[in-house]
Amino acid sequence: MKIAKAEVFVHSPGRNFVTLRITTDDGLVGLGDATVNGRELAVAAYLRDHLAPMLIGRDAHNIEDTWQYFYRGSYWRRGPITMTAIAAIDMALWDIKAKAANMPLYQLLGGASREGCLAYGHASGREFNEIFDSIREHQEKGYKAIRVQTAIPGLNSVYGVAASANASAGSGSGKGASSERYDYEPARRSTVPVEEEWDTRAYLNYIPSVFEAVRNEFGPDLPLLHDGHHRLTPIQAARLGKSLEPYDLFWLEDLTPAENTDAFRLIRQHTTTPLAVGEIFNTIYDYKDLFEEQLIDYVRSPVSHGGGITPLKKIFDYAAVYQIKSGVHGPTDVSPIGHAASLHLGMAIHNYGISEYMQHSSDTNDVFQPEYTFSDGLIRPGTSPGLGVSYDEKLASQFEYEPAYLPVNRLKVDGTMHDW
Ligand code: KDG
Ligand code: MG
């Protein structure tokens, strides 16, 4: 079964996505998600100009060899652009192999280890009552675990909080709704990023009161998560973990800039709050020391940014040795193809933990027609062979790519650039 065609599409149904479609000489089609938020065109060019021509004529069945060919063969290893491009190829080839085997992909990866994959949603608000309402809305949609992000008194805009009270995640659809569409995303359609402001002291002083209020309102059982989005120093992160211990968080995510993994040694000495990291990691080498020293509890890499199903399965298996679980990144900038790939892998591995599941807009779903469903807190794959996602090229072409960027962050006190 030879690869006959490899096409790359960049369109914006609800938001920008990069999609790889591989077709074999016997007519099987595989899809891969190659989206890197705000750098979409770089991955598209990498795939189109460099990797796609090398794919033609290769045996579509040889997934491990193809992965090694592109990882070892480029000389320039790792990095989000390279690894996302390789991930898209890997996903598409697994999709093809599962279609050739006439099975949903998780069957090829070892079969189902569970009924469905536990997911968490995003609640947020500007004050306590708004946060409570948002949590209730998510519970009504079926979520059994909830991430809580909050506005900080004195700061105009903060990561993870909707710009308007009426905005809801993934609610946007159709042209002309762009500002609403991006309220939670949080990339905005513009050629220049929006600037936000930050004050760590205000954040650290305020956040425990939010979790105290949420626990008082919802009781001890609801799993609660929080994303620090890389803004703290190691000692500040240690303080946050310790101050939130009474509220029994499911995890604290990305407290410090992720590239300094040594920070986890210090954080871990001070707190028993579980820690999650990895949404900007892309190889097993980013995780190796964290696993071996048992410094984290959850692995955040999604299939699309973790190099594909092939290497991520190895990362999860390595994590399992240390009782570390998966906790995959699932924002809307991972396309339904990427969500489906992470879901099939999550169904099969033993050390599944939880997945983020930010629901896509109706425009996105119309283009990709994902088969997975969400109810009772679990995402479940469908029964079709492969990933269970398709790509309506004609419909997608009605939504042209528009530049959109994540915000940048400056310290409120003096305008110094800070981590966003
Ligand atoms: O593209 C970056 C976003 O997906 C990221 O900022 C969202 O941190 C994020 C999360 O946990 O969903
Ligand atoms: Mg995050």
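Values quoted throughout were computed directly from the atomic coordinates according to the rules given, and no laboratory measurement underlies them. All values reported here derive from a predicted model rather than from experimental measurement. Heads up, the Cβs are rebuilt from the backbone with ideal geometry, glycines too, and the neighbour counts pull from every protein chain shown.
General remarks:
- For beta carbons closer than 9 Å, sequence separation of 6+ or different chains, a first residue in segment 391-420 that is more than 15 Å from T191 (Cα to Cα) and within 16 Å of ligand 1 (Cβ to nearest atom) and a second that is part of a helix (DSSP H, G or I) and of a type in the set (G, A, S), there are no qualifying pairs.
- Within segment 291-348, the set of residues being away from ligand 2 (no atom under 16 Å from the Cβ) and aromatic (F, W, Y) comprises F291, F316, Y318, Y322.
- Members of segment 29-51 that are surrounded by 20 or more Cβ atoms within 10 Å (Cβ to Cβ), among the hydrophobic types (A, V, I, L, M, F, W, C) and not in a helix (DSSP H, G or I): L31, A34, V36
- Which numbered condition S301 misses (of (1) touching a residue at least 24 places away in the same chain (Cβ under 8 Å); (2) on the phi < 0 side of the Ramachandran plot; (3) in contact with a strand residue (DSSP E or B) (Cβ under 6 Å, 6 or more places away or on another chain); (4) not acidic (D, E)): (3)
- Where helices (runs of 4 or more DSSP H) fall wholly inside segment 78-166, the ranges with 2 or more residues that are of a type in the set (D, E, K, R) and surrounded by 19 or more Cβ atoms within 10 Å (Cβ to Cβ) are 80-100.
- Flag if Y120 is among the hydroxyl-bearing types (S, T, Y), within 16 Å of ligand 1 (Cβ to nearest atom) and closer than 25 Å to M358 by Cα: yes
- Any hit, segment 113-130, residues being touching a Leu at 6+ places or on another chain (Cβ under 6 Å) and within 16 Å of ligand 2 (Cβ to nearest atom): yes
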